[in-house]
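Worksheet: one structure, shown below.
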Amino acid sequence: MSLWRGREKQPELEQQLATLAGEASAEAAVALERATEVPGVPRPVPADLTAAAFFDVDNTMMMGASIFHFARGMAARKFFTSSDLAKFATQQVLFRVGGRETRDGIRNARESGLSFVAGHSVAELMALGEEIYDELMADKIWPGTRSLAQMHLDAGQRVWLVTATPVDLATIIARRLGLTGALGTVLESEDGVYTGRLVGEMLHGPAKAHAVRALAAREGLNLRRCTAYSDSANDVPMLSVVGTAVAVNPDGTLRETARKRGWEIRDFRTGRKAARIGVPSVLGAGALAGAVAAGLAYRRRLF
C-alpha cells in the first residue's frame, strides 16, 4: 500500500477507534456505577429521566490536568521507574519528530502514554487514586463549576464527568464530588490486571462525543435536553451533540466558537490564575515527564 493510500485510510481508522473508545467508555461507566451499589438497597431513580449534564474535567471542573495530578502522585510513590519514563519519552519523541503515520505507529504512540500501568492491578491503581485525590486534587475543584453540577443534581438530573483520564480514576473524582459517574479512557485489563493497552483510543475529541451518544442510548437520555460543559475547543464535538453547550474557562478558540454559536460562557478564573493553570490535558512526553519530576520533588519534600 502506498503512503498516500495509507493516509487516506487514517480518517476511517481514527473514526473506528473513536467509536470503539466511546462505546467502551459508556459500558465501563455504567458498570462502575452499578459496582458501587449496595446489595439490597435500590438504585436511586432520578426525578428527570431524560435530561443529564456532562462535564469535562481538566480546567473545567478542576484546575489543571487530572492526569498530571495523578501522575505526580504516582511518581512520588515510585509507581514509575526511570526506565519507564525514558521509554515513554523516547517513543513519543520518535513519533512526533519522525512523523510516522502508520497504523502501528499511531497506536503505539497512544498506548505508550498509559503503558506504565501494565502489570499493576486495577485495585492497586484505584487505592492510589483515592489517596492522590485527597492529597493533590480535592482543593483544585472549581467552586463555580461544582455549583453548576449541583444545580443539575438538584433538578433531579444525572451528572457525568467526561475526560481522557482513565475511567477508573475519573470515577474516583466523580464519586468524591457526589456525581453519577464518569466517562473516561478505558484501559484493557485481564483478570484484574492492566495489560497496558487501550480499548479503542484515548477519550479525546470526537471520542467524547461518541461516548456521550452511547451513554445516552443506554440510559434513555434525550440529548436535546442535555447540557455539556468544557473549556477546550477539542470538545466542540461533544458540546455539539447536546441541546445546551456551555463554555467554562474557555480557551481562545472555544470562546470564539461559543460567541458565534450563541453558547453561554462562564469564566471562574482571574488573570494570573488563568495563565498559571493552563496545563496540557492531553498526554504528551513533556506533560508526563514534568509530572514525574514534580512528583519526585514532592516526595523529597515529604521524606
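Backbone amide hydrogens, once placed in the peptide plane, bring Met62 within less than 5 Å of Trp142, excluding anything fewer than 5 places away on its chain.
If R0 is taken as 22 Å, the Cβ-Cβ distance between Leu153 and Arg218 corresponds to a FRET efficiency of 0.65.
Dipole size in debye (nearest 20) for segment 175-257 around its Cα centre, Lys and Arg Cβ +1, Asp and Glu Cβ -1?
Dipole of segment 175-257, to the nearest 20 debye: 380 debye.
The ellipsoid equivalent to the alpha-carbon distribution of segment 189-230 has semi-axes of 27, 13, 8 angstrom, derived from the gyration tensor eigenvalues as √(5λ) and listed largest first.
Compared with the alpha-carbon gap, the fully stretched path from Thr253 to Arg34 is longer by 75.1 nm at 0.36 nm per residue.
No value in this document is a laboratory result; all are computed from the given coordinates. Since this is a predicted model, take the numbers as computed values, not measurements. When we count neighbours, we look across all protein chains shown, and the Cβ atoms used for this are built from the backbone with ideal geometry, even at glycine.
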